[in-house]
Amino acid sequence: MLKEKGIPFHYREYRKETLSAEEIRTVLALLGSTAKEVLRTRDAAYRDLGLTGEEGEEELIQAMAAHPTLLQRPIGIKGEKAVVGRPVERLLEL
């Protein structure tokens, strides 16, 4: 969608270039969200790790850093603003 609209962007392959816990904290701050709010509860890692969604913030961040599929995506970041691209058109808000 961004290509079609001629909007430049950088794509980061989250499975190959995983986000560190510190990067996840930064993204959460830009989103104005908690880890629980961007946790993918239908992901296999959620089930495999026995997560409930009631874990503490730091525990969820560590789980997301170790298992990047737990983090909602795509996430668009521009400057000091970020959005979860669900639906993908939300990326145009940036």
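Taking first residues from the stretch 57-75 that are at pLDDT 95 or above and partners that are β-branched (Val, Ile, Thr) and open to solvent by 30 Å² or more (accessible area, probe 1.4 Å), the Cβ contacts under 6 Å between residues at least 6 apart in sequence or on separate chains come to Pro68/Thr18. Of note, Glu89 does not satisfy the criterion of being surrounded by fewer than 15 Cβ atoms within 10 Å (Cβ to Cβ), modelled with pLDDT of 95 or more, out of contact with any Gly (no Cβ under 8 Å at 6 or more places or on another chain) and assigned to a helix (DSSP H, G or I). Pairs, please: C-beta under 7 Å, at least 6 apart or cross-chain, first residue over 22 Å from Pro87 (Cβ atoms) and open to solvent by less than 50 Å² (accessible area, probe 1.4 Å) and in the stretch 35-54, second assigned to a loop (DSSP other than H, G, I, E, B) and at pLDDT 95 or above? From residues that are over 22 Å from Pro87 (Cβ atoms) and open to solvent by less than 50 Å² (accessible area, probe 1.4 Å), the pairs are Ala45/His67; Gly53/Thr41.
The values are calculated or read from the model by the stated rules, or taken from the named source; none is laboratory data. Keep in mind that what you see is a predicted model, and the values were worked out from it rather than measured. When we count neighbours, we look across all protein chains shown, and the Cβ atoms used for this are built from the backbone with ideal geometry, even at glycine. The area values use the complete protein model at the heavy-atom level, side chains included, leaving out ligands, DNA and RNA. Shrake-Rupley method; radii C 1.70, N 1.55, O 1.52, S 1.80 Å.
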